[in-house]
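The values are calculated or read from the model by the stated rules, or taken from the named source; none is laboratory data. Remember, predicted model here, so these are calculated numbers, not experimental data. Note that each Cβ is placed from the backbone with ideal geometry, even for glycine, and that neighbours are counted across all protein chains shown. All accessible areas refer to the heavy atoms of the entire protein, side chains included, with ligands and DNA or RNA removed. Shrake-Rupley method; radii C 1.70, N 1.55, O 1.52, S 1.80 Å.
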Amino acid sequence: MPKRAYDVLVLGAGGVGSAALYQLAKRGIHAAALDRFHPPHRFGSSHGQTRIIRQAYFEHPSYVPLLQRSYELWREIEAASERSLYHEVGLIEIGPTDGIVLPGVMRAAAQFHLEIDRYSAAEAKRLFPQFVFPDDHTVVFERRAGYLKVEDCVAAFLAMAQRHGAEVIADTEVARWGHDGAGYCVSTSTGEYRAAKLIIAGGAGAKVLLRGINAPLQALRKHMHWYEIDDARLQESSGAPCFFFESSHGYFYGFPELAGGEGLKVAEHGGGETWEPSWNDNQSADPEDQRRIEAFLQRSILGVSRRPVRHETCLYTMTPDENFLLGLYPGDKRIAVAAGLSGHGFKFAAVLGEALADLVEQGSSQLPIEFLSPNRFAV
Ligand SMILES: Cc1cc2nc3c(=O)[nH]c(=O)nc-3n(C[C@H](O)[C@H](O)[C@H](O)COP(=O)(O)OP(=O)(O)OC[C@H]3O[C@@H](n4cnc5c(N)ncnc54)[C@H](O)[C@@H]3O)c2cc1C
């Protein structure tokens, strides 16, 4: 016997699913989100204290309008939930002038008139003495950038969704879903649920939930490290920004020490080992990843120790072109999908939730999301 019936069921209540549930509930749509764990949790992609948010998007300028809407929505959910989620500490980005990051930042900033300060390595050394800048690199500083408190964002969306009448059905794994003429039937570890429409936002589990369209997704296990600091200038309270370095060694990024200690957080954006959705809780560290991180710290940051204080693993879900999959499920206007956020999606969670709600409510969205259509991989 089916348990309950809804207008919309959201499969996955992580970063994106929680935002979608909030949007649905705010619109008065009878909705619930199903999650295998109890979100926010540390077994998917939306945990580990912080996520960088920025607007001068080196990956592709087409993301900028979505980011601008996302900023508005982050401020909206902050006000509604009375939580501080977005911390505008700024971001320095460092790289070769002919690399990927710097030209991309400049292109997006020029196209959308975004405020960016550009410095030579010598000027940057004077302004940010805690960082080491190679002489032939350029540095940009984006003032309207910073970090989001990742678990708090998920918790805020879920709490606000519930306040608007939505349900969060935790500890419930979706095994499969299908249409039986009367609507969708979702089979889970705790029984069957029914809905007129679906939103699929399963993060690294999306490959299983989207098996009908053979989505080209690859999940990667990634590491986050926290190190004790020896220099107070690396603290947020001293004005230290987030940072993103491109060099011949790879892409490394991190966050100042937040109030309450726990050290400076740092991670590598590239690489990662393939992860299969077997849901094993493998949180173990990788000595090679740690070696690369410590070599980066040695090269690039002054006043941070080699004393690790915390380590966590997390999942990227990659598409072949590293752009998201966002749109209607191919061939079915009653299902909206967000997947393959390729390690840069959290800052968009607020606007992706809005886009998904638009798609299931109206069959389309005014947001400029066409470039992310899942149809681009259809054979
Ligand atoms: C180390 C790391 C650093 C990152 N840094 C940044 C950054 O600085 N800035 C940025 O913007 N982005 C960053 N990202 C990317 C960003 O965090 C992700 O793109 C985003 O969190 C993905 O959200 P999601 O909702 O798709 O996945 P999740 O938050 O993982 O949500 C998916 C949910 O679906 C559930 N689920 C899956 N399968 C099932 C099933 N069968 N049944 C029931 N429930 C299911 C899971 O339990 C999970 O809760 C980073 C990611 C990582 C891993």
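Brief remarks follow.
- If you go through the range 140-154 and pick out every residue that is among the aromatic types (Phe, Trp, Tyr) and within 11 Å of the ligand (Cβ to nearest atom), you end up with 1.
- Those helices (runs of 4 or more DSSP H) lying entirely in the range 99-200 with at least 2 residues under 22 Å from Ser247 (Cβ atoms) and of a type in the set (D, E, K, R): 121-127
- Qualifying residue in the range 348-368 (condition: on the phi > 0 side of the Ramachandran plot and within 14 Å of the ligand (Cβ to nearest atom)): no
- Applying a threshold of 7 Å to beta carbon distances and a minimum spacing of six or more residues, or different chains, the list of pairs starting in the range 255-268 at a residue that is without any contact (Cβ under 8 Å) to a residue 40 or more places away in the chain and part of a loop (DSSP other than H, G, I, E, B) and ending at one that is of a type in the set (Ser, Thr, Tyr) and open to solvent by 20 Å² or more (accessible area, probe 1.4 Å) reads Ala259/Ser237.
- Selection within the range 155-167 - open to solvent by less than 30 Å² (accessible area, probe 1.4 Å) and more than 16 Å from the ligand (Cβ to nearest atom): Met160
- Against the criterion of being open to solvent by 30 Å² or more (accessible area, probe 1.4 Å), in contact (Cβ under 8 Å) with a residue 40 or more places away in the chain and under 14 Å from Ala56 (Cα atoms), Arg83 does not qualify.
- Scope the range 6-39; condition within 13 Å of the ligand (Cβ to nearest atom) and among the small types (Gly, Ala, Ser); matching residues: Gly12, Ala13, Gly14, Gly15, Gly17, Ser18, Ala19, Ala20, Ala32, Ala33
- The lone criterion from (1) near the ligand (Cβ under 9 Å from one of its atoms); (2) surrounded by fewer than 21 Cβ atoms within 10 Å (Cβ to Cβ); (3) not small (Gly, Ala, Ser) left unmet by Asp171 is number (1).
- Qualifying positions in the range 133-143 - touching a helix residue (DSSP H, G or I) at 6+ places or on another chain (Cβ under 6 Å) and surrounded by fewer than 18 Cβ atoms within 10 Å (Cβ to Cβ): Asp135
- Checked against (1) over 16 Å from Ala145 (Cβ atoms); (2) in contact (Cβ under 8 Å) with a residue 12 or more places away in the chain, Ile94 passes all but a single condition, namely (1).
- Residue identified as part of a loop (DSSP other than H, G, I, E, B), under 22 Å from Gly12 (Cβ atoms) and at pLDDT below 95 among Phe37, Phe43: Phe43
- For the range 93-122, a residue qualifies if it is among the hydrophobic types (A, V, I, L, M, F, W, C) and either farther than 23 Å from Asp135 by Cα or surrounded by 14 or more Cβ atoms within 10 Å (Cβ to Cβ) (or both), and the qualifying residues are Ile94, Val101, Leu102, Val105, Met106, Ala108, Ala109, Ala110, Phe112, Leu114, Ile116, Ala121.
- Qualifying residue in the range 328-336 (condition: in a loop (DSSP other than H, G, I, E, B) and either over 30 Å from Phe128 (Cβ atoms) or at pLDDT 95 or above (or both)): yes
- As for the range 124-146, it holds no residue that is in contact with a strand residue (DSSP E or B) (Cβ under 6 Å, 6 or more places away or on another chain) and without any contact (Cβ under 8 Å) to a residue 24 or more places away in the chain.
- Trp177 meets all of the listed conditions (1) within 16 Å of the ligand (Cβ to nearest atom); (2) on the phi > 0 side of the Ramachandran plot but one, namely (2).
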